[in-house]
Amino acid sequence: MGKRRAGRELLRSLSKKQKKHLREFGEEHPFYDKLLLLMLLQSCFPFQPEDSDKSSAESDLETEVEQVSGYHRLLATLKTLPESESEEEEDESESEEAEESEAEMDSEGSQETGEAEGGEEDKNDVPKEEEGTTDAAEQILSQEQADGTDTSCDPRHGVIEEFTDVKHESEFSLETNFMEEESEDCNADKRDSNPFKQHMDKELDDKEIEKMSTLPKTSSQSQWPRLGQLIFSSTLEKHKTLKADKEVDLKQLHLHKPLESTWPKVNKQSLSSVDKPSDSPFTPLQRELFCIMNLYRDLFYPERNALTNGEEIRHAYCLHALNHVLKANSQVLSNNAKRRDQKPGTDTDDYRDQGLTRPKVLMIVPFRESALRIVHIFISLLEVNDKKKIDVSNKKRFKGEFGSDPEEKPPNLKRPEDYEAVFAGNIDDHFRIGVAILQKSMRLYAPFYSSDIIIASPLGIRTVIGAEGEKKRDFDFLSSIEILIIDQADIYLMQNWEHVLHLMKHINLLPLDSHGVDFSRVRMLNLNNWSKYYRQTLLFSALQDPQINSVFSKHCFNYGGQVAIRNMPVTGSISHVVVQLPHVFRRLEAESVTSVIDARFQFFIDKVLPEYRDAIMSHTLIYVPSYFDYVRLRNYFKKEDLNFTHICEYTKKAAVCRARRFFVKGEKQFLLFTERFHFYKRYTIKGIRNLIFYELPTYSHFYSEICNMLKATDSGVDATWTCTVLYSKYDAQKLAAVVGIDRTAQMLQSKKNVHLFVTGEN
């Protein structure tokens, strides 16, 4: 046992790269010293000296066998190292989320003494492996394998292998199945008035493609009762005004069976919240949104709210996506039957009804809870009544992996209502799942190339696409996406917006492999690499942001045009500030969008910071939306030896407690505070007397939340409180969301600083 412990101690001396290479490739990397590995093997499994009367050949052979055996046993011990690390990380994350109240955090932080400066991020400690862990893990794994238990997604077994359902491949294959019966609904899908057929069957020529690639779009405005101001832009359709339908008949929408009968029942909860009930199966918002969706135009709706209209919007785009998939699949199955019955030698160009790959709809959502709700809506829409249940494969597994345990969440956490709505359920942001739908059945965990719909998070889809130079990367399944739905786009600004941009660069490209496609069935638009001109993009967000606007304007090429809702706020979130506080908006000048970052930093250290260096201006919180700006300010404060502490999204729980304690007691004059930390935690920071918004918040309601934290200050006079905001002419959208459109116009015209003294009554 002592020799085994010594081997493990030597094993811990390996770097992470050495352990990873040894675990993945079964051999030591040639760059590193191989003597260390030999020492490990000898210490764990010492080799006995050979008898002198044995031949050298026999000795070499036995030694080689012994080395191989010991080597594999050593690899078995290596496999449990990531397990202990992951368990330790899970314990840390659970302890971070298990804070029951702000007072407990303060008391916990006050009990910590003799530690380093509060703002420093903690280092990850390497956990030590317990005796007997390896043997126990091997016994459990071998027992589960003997019992036939699926361990591919169990994190206890080291590397997680993604599960895909290959059992039902033939049952859900479009190539080998046929339409059960030629129904009236299938014939209705072939009518010229069917929006699906009109959009997908339109043949563009080279001149139209050249126009969309080179010429600018023309725009027109219209006012709708519920959506408000719409801006329709298109290259091919000029000076066209969109009109809202006052009443919507389900038969006029050309919905596929059984959606006509199931939609009113599924949408019953949303209809119950309407102020003025009517016989319409849609709410006023859903009616106008679906009117645009059903015309296959790109849509950007920046007024999604998780508390009010989030579920309305989710139901609307789920109906549209499912309707599209059912129509497309019924067309393929119907043509399969016709090809089966046709005579040999007949022209087959009439049956071009597919893309280069099967996935038609890609839905990007932030958390597993969102994917769970989407799948539940799909199931409800496909079930005509309680007696006719559809067959859903892997449903139990899906609920286990995407559902949440109510007992996991501490019961007495107090957070704003919008926080509870956004972070409800399972908030894991690394997932992807394929869904195949065929007639009256649904297949979850379908392989991507056998799926009709792919539901994924930006991180989940990013890890599949990979980066240039990686061996294991795949994005061919994105080649024939016909509907792209990006829901809750504002949350991706808090996660990693680069994942969204990476996806947009790899969607609707020609595949590198054929993937067994029948080219006689592929539409010409796909063969011509014109898929992006037929793709419909539906983008939903809680706010207007330049980065989101850029994706909609630069990465959406739908020949049908784009519709964006542009309603400017009248009052702004400053009206929700309940403390009497003077707001000073200081304008900085910048020549371009790229130079505004450096201009803001220079303006801050030259004009703003000197006014707060005096000791009388203590308890100053600096709110920084960008993490890169936060790092830049932190480094500058360290260089200038300023008395400060800092909290960001990567700061450990203990360091957060220390930083808050130092700040509230006045031991630290400044507190650097990132927006992403506030987004994910929503702690109330006590002791604030002076506020500096280094940049306007991404979420406008964060402005009033941070300002209202001043009322939590136990001491101090109201008149001594200050609030300073830095802005430029490039912050017009954020500024309007805070102060309102009228004040924004005045502030942008005037180059002077603006002083506002407002409360919740103004």
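The values are calculated or read from the model by the stated rules, or taken from the named source; none is laboratory data. Just so we're clear, the structure is a prediction, and the values are computed from it rather than from any experiment. Methodologically, a virtual Cβ is constructed for each residue, glycine included, from the backbone with ideal geometry; neighbour enumeration extends over all protein chains shown. The area values use the complete protein model at the heavy-atom level, side chains included, leaving out ligands, DNA and RNA. Shrake-Rupley method; radii C 1.70, N 1.55, O 1.52, S 1.80 Å.
The value given for the range 528-638 is a Kirkwood hydrodynamic radius of 18.6 Å, derived from the mean inverse Cα-Cα separation. The Cα-based radius of gyration of the range 573-759, divided by its Kirkwood radius, gives an Rg/Rh of 0.93. Working ranking of peptides 633-645, 240-252, 482-494 by packing, defined as the average number of other Cβ atoms within 10 Å per residue, highest first, is 482-494, 633-645, 240-252. Note on Ser595 and Asn753: the extension gain reaches 54.8 nm, defined as 0.36 nm multiplied by sequence separation minus the Cα-Cα distance.
How do Asp350, Asp428 stack up against each other in accessible area, from largest to smallest, with a 1.4 angstrom probe?
Working: Asp350 130, Asp428 55 Å².
Of Asp350, Asp428, the descending order of accessible area is Asp350, Asp428.
This model, with +1 at the C-beta of Lys and Arg and -1 at the C-beta of Asp and Glu, gives the range 573-759 a dipole about its Cα centre of some 560 debye.
Subtracting the Cα-Cα distance of Asn708 and Ser213 from 0.36 nm times their residue separation leaves 173.3 nm of extension gain. Taking 7 Å steps out from each Cα toward its Cβ at Ala421 and Ser553 produces label points 2.9 nm apart.
Full extension from Leu236 to Ala745: what is 0.36 nm times the residue separation minus their Cα-Cα distance, to one decimal in nm? Please list the in-between numbers first.
Details: separation 509, 0.36 × 509 = 183.24 nm, distance 3.36 nm.
Result: 179.9 nm gained on full extension.
Exposure check, 1.4 Å probe, all protein chains in place: Asp452 carries approximately 0 Å² of accessible surface.
Holding the Cα-Cα limit at 27 Å, pick out from Lys265/Lys399; Lys202/Lys238; Lys607/Lys639; Lys395/Lys472; Lys440/Lys554 the pairs that are longer than that. The answer is Lys395/Lys472; Lys440/Lys554. Using R0 = 60 Å, the C-beta based FRET efficiency linking Thr684 and Gln439 works out to 0.65.
Shape class for the range 439-479: prolate, because the ratio a/c of the largest to smallest gyration tensor axis (alpha-carbon atoms, square roots of eigenvalues) is 1.5 or more and a/b beats b/c.
Model label sites at Gln269 and Ile379, defined 7 Å from Cα along the beta-carbon direction, differ in position by 1.4 nm. Remark: spin-label model distance Lys607-Val631 equals 2.7 nm, labels positioned 7 Å along the Cα→Cβ axis.
At a Förster distance of 45 Å, what's the computed FRET efficiency of Ser261 paired with Tyr650, Cβ-Cβ distance as r, to 0.05? Can you show the working numbers first?
On the way: r = 51 Å, r/R0 = 1.13.
Result of the calculation: an efficiency of 0.30.
Rolling a 1.4 Å probe over the heavy atoms of the protein chains gives the range 573-759 an accessible area of 40 Å² per residue. Restricting attention to the range 573-759, close to 20% of DSSP beta bridges with both partner residues there are antiparallel.
Protection proxy ranking, highest mean first, for peptides 438-445, 362-369: 362-369, 438-445, where packing is the per-residue count of other beta-carbon atoms within 10 Å, averaged.
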